[in-house]
1. Between a residue in the stretch 58-75 that is under 11 Å from L115 (Cα atoms) and any residue that is polar (S, T, N, Q), which pairs come within a Cβ distance under 7 Å, given they are 6 or more apart or on different chains?
2. Check the stretch 119-129 and report whether any residue there is buried (at least 16 other Cβ atoms within 10 Å of the Cβ), more than 17 Å from R9 (Cβ to Cβ) and charged (D, E, K, R).
3. Out of everything in the stretch 1-35 that is in contact with a helix residue (DSSP H, G or I) (Cβ under 9 Å, 6 or more places away or on another chain) and not in a helix (DSSP H, G or I), what residue ends up being surrounded by the most Cβ atoms within 10 Å (Cβ to Cβ)?
4. Please verify whether the stretch 63-73 includes one or more residues that are assigned to a helix (DSSP H, G or I) and not hydrophobic (A, V, I, L, M, F, W, C).
5. Looking at A65, A94, which one is closer than 20 Å to G14 by Cβ and buried (at least 18 other Cβ atoms within 10 Å of the Cβ)?
6. Mind checking which residues of the stretch 36-57 are more than 16 Å from L112 (Cβ to Cβ) and buried (at least 17 other Cβ atoms within 10 Å of the Cβ)?
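Rule-based calculations on the coordinates, nothing more; no lab input. Computed from a predicted model, the values in this text were never measured in an experiment. Cβ: placed from backbone, ideal geometry, glycine included. Neighbour counts: every protein chain shown.
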Amino acid sequence: MQHHEFLARVRELGEYDSQDEAAKVTEAVLSVLAQRISPGEVEDLASQLPGPLGQTLAAAKSEQAESFGIEEFCRRVADRTGARPRTAEWDASAVLTTLAGAISGGELNQILSQLPSGYAVLFGKADLAS
């Protein structure tokens, strides 16, 4: 999937007015995700995404993964976008569902294995959230 295709899908799922808004939300969500998963996983994920998205991940990579739940994930996204936490949950879902469709199943499984099961919903995988 190319960069513009990724953003077009985020824009469609998130019902954003512009490609710029989709890009801003995508950058915020990927930056928070990069703090939540291991540095090695960030690198693996970045290698499967179009250049600018991989660069966003790499720039936000932490020394080690932080442990926080969905509420904190959404709060951090909201801080970056200026949205309310409920809106940030919508934003995270639009980006992470797109991400799930853009990477290999093995990579998605690796990411989900580092997150509590409740995160699966944000990736459009509600059946794994139990």
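1. Filtered contacts from the stretch 58-75: A65/S38; A65/Q114; E66/Q35.
2. In the first step, residues of the stretch 119-129 are kept if they are buried (at least 16 other Cβ atoms within 10 Å of the Cβ); the result is 119-125.
After this cut, where a residue has to be more than 17 Å from R9 (Cβ to Cβ) as well, the list is 119-121.
If we keep only those that are charged (D, E, K, R) as well, we get none.
No, the conditions are met nowhere in the stretch 119-129.
3. The selected residue is Y16.
4. Here is the first cut: in the stretch 63-73, the ones assigned to a helix (DSSP H, G or I) are 70-73.
Keeping just the survivors that are not hydrophobic (A, V, I, L, M, F, W, C) gives 71-72.
Yes: the stretch 63-73 contains one or more residues that are assigned to a helix (DSSP H, G or I) and not hydrophobic (A, V, I, L, M, F, W, C).
5. Values: A65 fails: closer than 20 Å to G14 by Cβ.
Step by step, each of A65, A94 is checked, and only A94 is closer than 20 Å to G14 by Cβ and buried (at least 18 other Cβ atoms within 10 Å of the Cβ).
6. So in the stretch 36-57, the residues more than 16 Å from L112 (Cβ to Cβ) come out as 39, 43, 46-47, 49-57.
If the condition is that a residue be more than 16 Å from L112 (Cβ to Cβ) and buried (at least 17 other Cβ atoms within 10 Å of the Cβ), then A46, L49, L53, G54, T56, L57 are the ones that fit.
Yes/no per residue for (1) among the basic types (K, R); (2) without any contact (Cβ under 8 Å) to a residue 60 or more places away in the chain; (3) part of a helix (DSSP H, G or I):
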residue: W90; (1), (2), (3): no, no, yes
residue: S93; (1), (2), (3): no, no, yes
residue: L108; (1), (2), (3): no, yes, yes
residue: L115; (1), (2), (3): no, no, no
